[in-house]
Structures are given as structure tokens and as C-alpha cells.
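Remarks on the structure that follows.
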Amino acid sequence: MASRPAAVQHLRDLARRRRVRDRIDREYAQPLDVEALARGAHMSAGHLSREFRLAYGESPYGYLMTRRIERAMALLRRGDLSVTEVCFAVGCSSLGTFSSRFTDLVGMTPSTYRRQAAHATAGMPSCVAKQVTRPIRNREARVPEPHLA
């Protein structure tokens, strides 16, 4: 039964990748980098990046930034923090990187989002607002069907 050890190893690898994803979800505001995540999973950074991308369709860093942007969107909707305060509250150390990534994922700058989101989600329960305003990662975006003439 040569496949049994391979299946056991596959399950162990899957559990490690899930632990890394869960850690990102829990500790998104902490200073995390791929090397620290890999050390925690007893893997090399390169191996973790490859395995994570295969499992979840994006790199660990991309997943971390998406989590941070999702939380930033919620804080900006609240409206009581400045964009700079939100940037640091979600674990980003560079306002420029935060703004660029936010604009890439959301399609507008954090300042513009803050102004527009306050009106768009007024009176909406926060659980609904969170779902409706969730950014779409590249792997979830709908790809138009090719039109064959």
C-alpha cells in the first residue's frame, strides 16, 4: 500500500496550510510575513507559498492583504477613523502600499470608499453590509465566456 503514506502526508500538508490560513485570519493586524508564517508551519517560505497558492489560488501575502483590506473596509464604513489610522489598525506599515492594494482590490481609493460607503450602507445591518461590500479576489472574479463567431 504505497498510496497510504502519500495520502497521510497529503492530509498533514492540508492541515498545515489550513493552520496558516487560520493564523492569517486571526492575526491579520499583527506584523506577519511569509517567512514567519512558514516557520510556524515548519516549512520553507518558498514551499509554503507554492502550496498555499495551489490550495487557495493566491499567495499567503495576497491572502493576508485581502484580509486586511476587508477589515479596513469595515473600519472605513464606520467613519470614525482616518485613512491613516485604519491603515495602521489593520497591520499595514506603509500608507502607500495600503492605498495601492486597497485601490487594486476595491476599485477606488480608501478616501473615496469612506465617503461613498457611508451613504451606500446607511441603515443596512453590518452583517449584510460586510457581505455586500466584500472585495472580490482575482480567483473569484467572473471571467467572461469567450464568444465564438
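The values are calculated or read from the model by the stated rules, or taken from the named source; none is laboratory data. Every value quoted in this text rests on a predicted model; they were computed, and no experiment measured them. Cβ coordinates were reconstructed from backbone atoms using ideal geometry, including for glycine residues, and neighbour counts include every protein chain displayed. These accessible areas exclude ligands, DNA and RNA; they are computed on the full protein's heavy atoms, side chains included. Shrake-Rupley method; radii C 1.70, N 1.55, O 1.52, S 1.80 Å.
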Task: Filter result (touching a residue at least 60 places away in the same chain (Cβ under 8 Å), on the phi > 0 side of the Ramachandran plot and out of contact with any helix residue (DSSP H, G or I) (no Cβ under 6 Å at 6 or more places or on another chain)) within the range 32-72 - done: none
Open item on the list: With the requirement that a residue be of a type outside the set (A, V, I, L, M, F, W, C) and in contact with a Lys or Arg (Cβ under 8 Å, 6 or more places away or on another chain), what does the range 79-100 give you?
Closed with: Gly79, Gly91
Open item on the list: Criterion first (loosely packed, with under 13 Cβ neighbours inside 10 Å and at pLDDT 90 or above) does Arg26 satisfy it?
Closed with: yes
Open item on the list: Among (1) open to solvent by less than 50 Å² (accessible area, probe 1.4 Å); (2) among the aliphatic types (A, V, I, L, M); (3) more than 18 Å from the chain's Cα centre (by Cα), there is one condition Leu48 misses while meeting the rest; what is its number?
Closed with: (3)
Open item on the list: For the condition among the aliphatic types (A, V, I, L, M), open to solvent by less than 70 Å² (accessible area, probe 1.4 Å), modelled with pLDDT of 75 or more and under 27 Å from Arg18 (Cα atoms), what is the one hit in Leu76, Leu81, Leu32, Leu54?
Closed with: Leu32
